[in-house]
Every structure is written in structure tokens, then in C-alpha cells.
Amino acid sequence: MNNTILIADDHPLILKGLHDFLVEKEYNVLASAKDGKEAYEIIKDQQPDIAILDIRMPFLDGLEIAKKCQDEALTTKIILITFEKDEIVYQQAKGLNIYGYVLKEFALEEIENCLNSVQNNVPYFSPELIEFLEVDESVKALHLLTTTEKEVLRLISENKTAKEIGKEMFISSRTVEKHKSHIINKLNLESKASSLFLYAKEHQEYLNKNT
């Protein structure tokens, strides 16, 4: 644990909590900064091995600091901490070769795992964030379906046959099969009944609320 670490956050309590936690765990905390400008100057002057940065800070935010470090070929590995579960911010972070992305509500639980990973040159992204973004992407795909297709999918999640679905929706079972084929194509699923059923079960809660 000899890597030097900078911590930067404009919230004094979060900054102190993180600092005290890392010191207690015997990490080598080089410095703390209360805004982005101060953090960037420390990175430039002292070149810590790792910088744990809040994404939203006065003067320079975490992403802007990461961009400057990239442009100036500084070797400090950047870990971002944030409350935001934002796909655009996440993709920006990945594009800047960020080494870590940790959600603040899990910061003290996850920061050790993150630091251990980063010290071994392996990027770490909060599992809760990845899970949230994957679920979000999956739900976005459902918006491609028509109201009728969503209803067919909801009834599939209840393990109903094409004949049963047709009877409930006042359409023929052949029409149900056409809808199923369209759903498979739109959601880019494998062309087998089990794929459609498993997808429907996975999103049953959403379908029950939105059909």
C-alpha cells in the first residue's frame, strides 16, 4: 500500500470521512483538496499515484481534471466518486481512461476494493452502477415495442400460450405468433420461445406497470 493518494471533494464531511477511513486502513494519503483547481495543482506538482476525485467540484470537475491529465500525459490514475448514475457521464469517464468509478453511497464499502484493483492496474467500476445502466439499457429497448407488442410480452411473462394470449386479446394465435416474431427482432433476441419467455420474466415488473 505504498501508492500515494490524493483525495478531493468540496463536501467537508465526505472529504474528512474518506480521509480518516483511508488513514485508518493505512493507505498513504498524500494530500486532500477542497476543489478541482487545488486538486489539479497538487496532481501537477506532486504527481500522486492515485487521485480520488469528486465528479462535481468548483473551478474544475473530476472529468475536466482527468482530461487535463490525459492531455498532459500525467501518470496519476483517476478514480471518480459520484452520486450520479448517468450513462453519458459514465461513457465520458471511460473515454478518458478513468481507472475507477465509485458511487458515493457505497464509497466506504467499495473504495478499498477499488484501490486494490487500481493498484494492480485493473480498472474498477461500481457494480451497482453497471447493474443500473444495464437495466436502464434493457428498459430502453422495450420502448421500441408497440402497445400491443408490450401486452403480448406481458402475457408471455405469465406463461400463457399463443392460443391463450389470442383469446384474451381477441386476435388469432397466428397474429400472436407474428407479434412474437416482431418482438424478437426488435429486441435482438435469439429466435426461440425460451429466449422470449426469459426476457419477459426478467422485465415482468416493468411490463405490469407499463401496459
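Derivation of every value follows stated rules applied to the coordinates shown; laboratory data play no part. Every value quoted in this text rests on a predicted model; they were computed, and no experiment measured them. All Cβ positions, even for glycine, are placed from backbone atoms using ideal geometry, and neighbour counts span all protein chains on display.
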Hey, fewest Cβ within 10 Å first, where do VAL176, VAL23 land in order?
-> VAL23, VAL176
Across the stretch 96-211, how many lysine pairs, 8 or more apart or on two chains, come within less than 12 Å at their alpha-carbon atoms?
-> 6
From the Cα gyration tensor of the stretch 4-126, with a ≥ b ≥ c the square roots of its eigenvalues, which class applies: rounded if a/c is under 1.5, or else prolate if a/b is larger than b/c, or else oblate?
-> rounded
Once you have the Cα-Cα distance between LEU13 and PHE83, take 0.36 nm times their residue separation minus that, and quote the gain in nm to one decimal.
-> 23.7 nm
Would you mind checking which residues have amide H under 5 Å from LYS77's amide H? H placed 1.01 Å from N; only 5 or more apart, or other chain.
-> ILE50, ALA51
For the pair LEU108 and LEU144, what calculated FRET efficiency results from E = 1/(1 + (r/R0)^6), where r is the Cβ-Cβ distance and R0 = 25 Å, to the nearest 0.05?
-> 0.05
What residue among LEU74, LEU198, LEU153 has the largest mean-square fluctuation in a Gaussian network model of the chain, using Cα springs under 10 Å?
-> LEU198
Going residue by residue through the stretch 163-170, the Karplus relation 6.51 cos²θ - 1.76 cosθ + 1.60 with θ = phi - 60° gives ³J(HN,Hα) values, rounded to whole Hz and with x marking Gly or Pro, of 5, 5, 5, x, 4, 6, 9, 6
Report the residue, chosen from GLU64, GLU158, GLU110, that carries the largest GNM mean-square fluctuation when the chain is represented by alpha-carbon nodes joined by springs under 10 Å.
-> GLU158
The FRET efficiency for THR161 and GLN92, from their Cβ-Cβ distance with R0 = 41 Å and rounded to 0.05, is 0.30
Value of [θ]222 nm, deg cm²/dmol, for the chain, DSSP H segments ≥ 4, -39500 (n - 2.57) each, nearest 500 = -17500 deg cm²/dmol
Fewest Cβ neighbours within 10 Å first, please rank ASP20, ASP61, ASP10 accordingly.
-> ASP20, ASP10, ASP61
Have a look at ARG56, ARG154, ARG174 and tell me which one the Gaussian network model of the chain (Cα, springs below 10 Å) gives the largest fluctuation.
-> ARG174
Distance (nanometres) between label positions extended 7 Å along Cα→Cβ at PHE59 and LYS209 = 4.2
